[in-house]
1. Ignoring ligands, DNA and RNA, what percent of the 1.4 Å accessible area of the stretch 143-273 is carbon and sulfur?
2. How would Phe542, Phe400 rank on accessible area, largest to smallest, probe 1.4 Å?
3. For the chain, find the longest principal axis of its Cα atoms and tell me its angle to the long axis of helix 11-24, 0 to 90°, nearest 10.
4. How tilted is helix 573-591 with respect to the longest principal axis of the chain? Cα atoms for both, answer in degrees (0 to 90, nearest 10).
5. With all protein chains present, how much of the accessible area of the stretch 302-379 (probe radius 1.4 Å) comes from carbon and sulfur, to the nearest whole percent?
6. What relative contact order, as a whole-number percentage, does the chain give when Cα pairs under 8 Å and 6 or more residues apart are counted?
7. Determine ³J(HN,Hα), in whole Hz, for all residues of the stretch 258-268 in sequence, where each value follows from phi through the Karplus function 6.51 cos²θ - 1.76 cosθ + 1.60 and θ = phi - 60°; x replaces Gly and Pro.
8. Which angle from 0 to 90°, rounded to the nearest 10, does the C-alpha axis of helix 99-110 make with the longest principal axis of the chain?
Amino acid sequence: MDITTPPTRNHALLDWVASMAKLCGPDHIHWVTGTDAEHGELTAEALKQGVIKPLSKEKRPGCYIAYSSPNDVARVEHLTFICTPTKEEAGPTNNWMAPDEAYKKLGALFEGSMKGRTMYVVPYVMGPLGSPFSKIGIELTDSVYVVLNMRIMTRMGRPALDMLGDHGEFNHGLHSMLDVNPDRRFICHFPQDNTIWSVGSNYGGNVLLGKKCLALRIGSYLGKTEGWMAEHMLILGVESPEGQVTYVAAAFPSACGKTNFAMLIPPKRFNGWRVWTVGDDIAWMRVGPDGRLWAINPEAGYFGVAPGTSFYSNATAMNTIRKDTLFTNVALTEDGDVWWEGMGTPPEHLTDWQGRPWVKGSPEKAAHPNSRFTAPAANNANLSPFVENPSGVPISAIIFGGRRATTVPLVLQSFNWAHGVYLGATLGSETTAAAVGKVGVVRRDPMAMLPFCGYDMGEYFAHWLAMQKKLVHPPKIFMVNWFRQDENGKFLWPGYGENMRVLKWVLDRALGHVGAQETVLGWVPRGTDLDLAGVDISEEDFSKVMRIDTKEWLVEIDAQQELFERLARTMPKEMVLQRELLRARLERLDQD
Ligand code: GTP
Ligand code: SPV
Ligand code: MN
């Protein structure tokens with residue numbers, strides 16, 4: 001076995017790497033340092049293996065394109081497991097495997113899996129370097145594609161080992177692609193051991209272990225134990241023309257608009273306003289000494305959905321991905337550029353994401369619906385100057401939002417914290433291409449965390465409720481829906497930049513600048529509170545997008561039954577009562 005010099009004397013780390021290497025049997029062990037020179041070598045290696053292809057140096061400098069196996073294009077929730085000592089700890093919404101069984105089953109798959117291959121030792125930090133809230137992980141992987149992605153998504157290499165020192169705690173991640181076979185694919189989390197084992201995939205959320213596996217599944221477990229919160233939330237700052245910046249965190253399920261909202265460019269009407277991106281997918285939040293909720297973004301890059309990204313919808317992202325970006329499963333133009341559905345007029349000829357020729361007008365999609373870009377946050381022209389702040393940014397409002405064609409109005413504010421927790425807990429959303437399975441089915445996705453909570457979801461709601469005790473200045477909680485449709489299936493609300501209108505009302509409410517009207521569901525904007533000057537929406541459509549229909553909501557309340565039954569053992573009584581109160585209010589209205 002050929003080994004690069006381990007740049008550490010941390011014995012726990014050296015011993016663990018040695019024992020995993022013994023299990024997997026790689027030909028080489030490469031300790032990743034994160035230098036530019038090393039990046040050049042890794043890129044050359046990936047090119048040699050045919051894992052990535054270069055894009056046009058003029059159009060996309062430093063950019064590459066990668067294609068995954070067509071059977072490996074999204075997260076696999078049915079193959080994702082929480083391996084706690086008891087099934088109860090994982091809760092009814094997670095797949096569970098006993099830790100012994102999981103180690104044995106995956107251990108057999110890992111055995112000799114890296115023969116003829118290189119095991120990369122990838123040290124990384126989630127969160128600003130040196131922040132007491134950051135977490136260190138080591139991912140052992142046989143995929144050079146994973147290393148190239150981890151370099152963009154995390155603070156990778158030497159600085160992570162320096163922060164770890166000789167004794168520090170770290171997450172133990174082990175990944176092997178095997179033969180990328182869905183029959184031998186498992187993503188297993190061992191919260192008690194701070195360990196993640198992933199086999200048989202090479203797709204983002206399954207294999208970039210710092211992201212969903214550590215920052216959310218293990219993170220939520222640590223958050224519960226240590227008294228903080230790990231959430232599937234973007235973080236943004238809104239700067240007023242007077243220079244006051246207010247921070248907002250928002251949880252929307254996968255492929256439901258976090259990246260777009262985090263990079264919002266205000267419309268002309270909001271001259272002088274500016275939105276700063278802190279994060280686009282994950283927030284770690286704790287109560288500060290001032291009794292406010294403070295959030296950091298543990299990531300260093302964006303693993304964003306490509307389709308739908310255009311200069312119209314998200315110019316910030318389009319400029320961010322101009323250079324040093326890795327594209328996965330998008331279409332390729334004849335002149336070495338990328339293309340996907342929703343970017344604009346397609347060229348006459350493309351190579352589709354499976355390497356096949358594609359002609360304009362073809363009914364097949366040229367890019368996979370869950371094709372992605374991996375881009376450094378540093379490329380973002382609207383990156384918040386406070387992303388590296390060790391204690392994060394103070395959050396004034398939390399927004400929950402799903403993808404709902406019917407029922408849910410454009411915006412409303414909860415009556416209070418517990419009611420806001422209820423709104424988040426019962427969030428419904430149509431499934432998307434971000435996970436394998438049927439697309440467009442409404443399912444409950446509490447706080448957008450259904451696939452990412454590392455323990456019992458009822459206990460998770462209890463943790464949310466308990467946070468209130470520590471919060472002297474709790475953020476105000478809101479619900480939004482950008483995706484309501486008319487009878488013909490057309491989106492009623494123009495969305496994207498125009499979401500600034502809604503965001504402005506959220507700020508006005510959070511800062512106590514404006515009144516509101518009470519409804520059975522929560523507080524909504526009064527007549528002119530929401531600034532609609534210059535928006536392309538008729539009065540009739542606006543009333544449709546804001547409509548709260550009693551009959552639809554009685555159906556919605558019934559649709560929550562399944563979640564409440566499933567979580568009956570641990571569902572906090574307050575959640576049950578919130579639901580009954582809403583039902584009573586709706587029934588009273590229905591009788592009038
Ligand atoms: P993950 O990375 O999977 O967590 O997704 P995300 O929540 O960051 O979603 P993203 O912002 O990438 O948006 C997903 C899809 O929704 C894209 O195709 C967007 O174009 C589309 N989208 C985002 N915002 C809006 C909006 O306001 N209105 C409409 N109609 N579509 C939107
Ligand atoms: C999501 O699915 O919510 C994502 C992409 O952000 S993945 O990294 O695959 O989880
Ligand atoms: Mn996500």
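1. 46
2. Phe542, Phe400
3. 80
4. The helix 573-591 is inclined about 40 degrees to the chain.
5. 54
6. Dividing the mean separation by the residue count of the chain yields 14 percent.
7. With the stated coefficients, the stretch 258-268 comes to 5, 4, 4, 5, 5, 10, 4, 10, x, x, 3 Hz.
8. Approximately 50 degrees, to the nearest ten.
The values are calculated or read from the model by the stated rules, or taken from the named source; none is laboratory data. Computed from a predicted structure; not experimentally measured. Because the Cβ atoms are built from the backbone with ideal geometry, glycine has one as well, and the counts that use them run over all protein chains shown. Just the protein is used for accessible areas: all its heavy atoms, side chains included, with ligands, DNA and RNA removed. Shrake-Rupley method; radii C 1.70, N 1.55, O 1.52, S 1.80 Å.
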